[in-house]
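Notes follow once the structure below has been shown.
The values are calculated or read from the model by the stated rules, or taken from the named source; none is laboratory data. All values derive from a computational prediction rather than experimental measurement. With ideal geometry, Cβ positions are generated from the backbone for all residues, glycine too; neighbour counts draw on all protein chains shown. Only protein heavy atoms, including side chains, enter the accessible area calculation; ligands, DNA and RNA are left aside. Shrake-Rupley method; radii C 1.70, N 1.55, O 1.52, S 1.80 Å.
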Amino acid sequence: MTNLVVHGGQPLRGRIMPSANKNAVLPVLCATLLTSQPIRLLGVPEITDVKKILDIFRALGSEVLADFASGIVELHHRDTRFDPKVHRLPEEMRSSIMLVPPLLARFGAARIEDNVKGCTLGMREIDPHVEVLQHFGARIERTDGSLLILADGPLRPTRHWLDYASVTTTENFVLCAATATGTSRLTNAACEPHVQELCRFMAMLGVSIEGLGTSQLVVAGAERFGGGEFTFSEDYHEITTFLALGAITGGEISVKNSIPEQFPLIDRTFGKFGIEVIHRDGWSCAVQDGPLRVRKPFTPNILTKVEAAPWPYFPVDLLPIFISLGVKAEGSAMFWNKVYDGAMGWSVELSKFGAHVFLADPHRLVTFGGLPLSPAVVESPYIIRVAIALLMVAASIDGRSVIKNAAPIRRAHPRFVENLRSVGAQVEWHEES
């Protein structure tokens, strides 16, 4: 078990250069398999999921040069080979399902393992992906422990309306449509910043996409795919995380941010806890005047709410970060996860710090903040930002705390501990046998 040991109570101050969003980097890496032309990616983070996909490429015969010190990855898939009887996609990585469209386009076959999974955030079914593939004309055959996906020729264009604005299903639709012979349309598409980033990369390859940032995408299939150089933006999740870490510890962290246009709703949500976010000269910082306090709504007899749902709602992945602020801030707030069932069960760990929280149902939680907290040993589920949320509370409390099973952080945030130390945190990894 990989744990984080935290000696909290110090205000964190300094500057942070955030990494790229893994949820943009991973689909872009999958999309590179569409082209046999050289690709150069800038700003690639050194995280476990990236390394796994690069290992897949090497196993398939692709040329891979990765320099994580500079963040540069160079790929050339000209000699890539795939055999569904031999090659397997990693079950533990949800994003590997986005390798299916390029494998279909180049080799006419791919395979999905039955238990492809990511963080433990409720059911992550593969049926929407299978439905998309079938709409484009792919054939599905069930084998022992996996699904075999087959295409007898180019995929055919289609129109599809998603049951739910799923990010990975939208990305898989775009990847399929890029190889189809004609124009495809998707309604109820996800429009998160990382989906938009994938679409910008696809445009660099030569794919025409209309509706970027909206719930309707129109994709014209490309006859051939080019190459080129692509630079990733900073991860709004990581920017928000370090802003919140500065605020919860009574300090002030400035974070490089070239995408402030993605932050108006996040900024207003910080404001609900007495925190002002300032964007200036490509940097963002969060400041507060005195202790954190929940801002009371003008409507009487209701709680201040943070409602998380698919973009452009408040991002559901950031909800645990703000629950930690709610625990620390004086006053009560309600947090509403409109996406995942049972994703709040980790809140019992907060009570080990002495926090008062009430789980109203599988989707809603109330914090009664501003109460005295003490260091504790807590255990995170396999959810990246829950591990970080528990660390945030620990960092705000005088004394030694342990966050057990904190390894998921490494799936999204390279140099996370090093960055924390650079702003004054006393934190270290500890391997427990």
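When the residues of segment 59-101 are narrowed to those that are closer than 22 Å to G43 by Cβ and in a helix (DSSP H, G or I), which ends up farthest from the chain's Cα centre (by Cα)? Applying the filter and picking the extreme gives L99. Restricting I409, I388, I383 to those that are closer than 17 Å to V316 by Cβ, at pLDDT below 95 and not hydroxyl-bearing (S, T, Y) reduces the list to I383.
Okay, residues lined up against (1) in a loop (DSSP other than H, G, I, E, B); (2) under 30 Å from R400 (Cα atoms); (3) open to solvent by less than 10 Å² (accessible area, probe 1.4 Å); (4) out of contact with any helix residue (DSSP H, G or I) (no Cβ under 9 Å at 6 or more places or on another chain):
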| residue | (1), (2), (3), (4) |
| --- | --- |
| F273 | yes, yes, yes, no |
| K296 | yes, no, no, yes |
| W311 | yes, no, no, no |
| D317 | no, yes, no, no |
| D341 | yes, no, no, yes |
| S347 | no, yes, yes, no |
| S351 | no, yes, no, yes |
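Of the residues making up segment 157-202, those that are charged (D, E, K, R) and modelled with pLDDT of 95 or more are R159, E171, R185, E192, E197, R200. Among (1) modelled with pLDDT of 95 or more; (2) among the aliphatic types (A, V, I, L, M); (3) open to solvent by 10 Å² or more (accessible area, probe 1.4 Å), where does A151 come up short? Here A151 meets the rest and fails (1). Tell me, please, whether a residue that is of a type in the set (D, E, K, R) and surrounded by fewer than 17 Cβ atoms within 10 Å (Cβ to Cβ) can be found in segment 381-396. No, segment 381-396 contains no residue that is of a type in the set (D, E, K, R) and surrounded by fewer than 17 Cβ atoms within 10 Å (Cβ to Cβ).
C191 fulfils the conditions (1) under 26 Å from the mean Cα position of the chain (by Cα); (2) among the hydrophobic types (A, V, I, L, M, F, W, C); (3) under 20 Å from G108 (Cβ atoms) except for a single criterion, (3).
The single condition from (1) in contact with an Asp or Glu (Cβ under 9 Å, 6 or more places away or on another chain); (2) over 30 Å from V287 (Cα atoms) that L34 fails is (1).
Considering only residues that are of a type in the set (A, V, I, L, M) and open to solvent by less than 10 Å² (accessible area, probe 1.4 Å), look in segment 39-52 and name the one that is nearest to V417 (Cα to Cα). Checked segment 39-52; the qualifying residue nearest to V417 (Cα to Cα) is I47.
Which members of segment 365-404 meet the condition of being part of a strand (DSSP E or B) and either within 21 Å of E330 (Cβ to Cβ) or not basic (K, R) (or both)? The answer is L365, V366, T367, F368, G369, V377, V378, E379, G399, S401, V402, I403. Scanning segment 200-226 for residues that are in a strand (DSSP E or B) and open to solvent by 10 Å² or more (accessible area, probe 1.4 Å) yields S208, I209, E210, Q216, V218, A220.
Could you tell me whether E197 is open to solvent by less than 40 Å² (accessible area, probe 1.4 Å), farther than 27 Å from V393 by Cβ and either of a type in the set (S, T, Y) or assigned to a helix (DSSP H, G or I) (or both)? Answer is yes for this residue. Which one is surrounded by the most Cβ atoms within 10 Å (Cβ to Cβ), of the residues in segment 298-309 that are at pLDDT 95 or above and not aliphatic (A, V, I, L, M)? Looking at residues that are at pLDDT 95 or above and not aliphatic (A, V, I, L, M), I get T304. Number of residues in segment 318-347 that are out of contact with any strand residue (DSSP E or B) (no Cβ under 8 Å at 6 or more places or on another chain) and not hydroxyl-bearing (S, T, Y): the value is 5. Does E229 satisfy being touching a residue at least 40 places away in the same chain (Cβ under 8 Å), exposed (fewer than 14 other Cβ atoms within 10 Å of the Cβ) and among the charged types (D, E, K, R)? The answer is yes for E229. When only residues in segment 353-372 that are among the aromatic types (F, W, Y) and more than 18 Å from A308 (Cα to Cα) count, which is most open to solvent (accessible area, probe 1.4 Å)? This residue is F368. Where residues in segment 67-101 are surrounded by 19 or more Cβ atoms within 10 Å (Cβ to Cβ), farther than 19 Å from E171 by Cα and among the hydrophobic types (A, V, I, L, M, F, W, C), which of them is modelled with the lowest pLDDT? Looking at residues that are surrounded by 19 or more Cβ atoms within 10 Å (Cβ to Cβ), farther than 19 Å from E171 by Cα and among the hydrophobic types (A, V, I, L, M, F, W, C), I get F82.
Can you find a residue in segment 203-210 that is in contact (Cβ under 8 Å) with a residue 60 or more places away in the chain and within 30 Å of Q37 (Cα to Cα)? Checked against the condition, which is being in contact (Cβ under 8 Å) with a residue 60 or more places away in the chain and within 30 Å of Q37 (Cα to Cα), segment 203-210 yields at least one hit. Checking the stated criteria, V116 turns out not to satisfy the condition of being among the β-branched types (V, I, T) and at pLDDT 90 or above. Would you call I140 under 22 Å from T32 (Cα atoms), among the β-branched types (V, I, T), surrounded by 11 or more Cβ atoms within 10 Å (Cβ to Cβ) and at pLDDT below 95? Considered against the rule, which asks whether it is under 22 Å from T32 (Cα atoms), among the β-branched types (V, I, T), surrounded by 11 or more Cβ atoms within 10 Å (Cβ to Cβ) and at pLDDT below 95, I140 comes out as no. Taken over segment 11-38, the criterion of being outside any strand (DSSP E or B), touching a strand residue (DSSP E or B) at 6+ places or on another chain (Cβ under 7 Å) and surrounded by fewer than 18 Cβ atoms within 10 Å (Cβ to Cβ) is satisfied by M17, P38. Take G331 and decide whether it is in contact (Cβ under 8 Å) with a residue 12 or more places away in the chain and open to solvent by less than 40 Å² (accessible area, probe 1.4 Å). Judged against the criteria, G331 is a match.
Taken together, the residues in segment 169-187 that are open to solvent by 30 Å² or more (accessible area, probe 1.4 Å) and touching a helix residue (DSSP H, G or I) at 6+ places or on another chain (Cβ under 9 Å) amount to 2.
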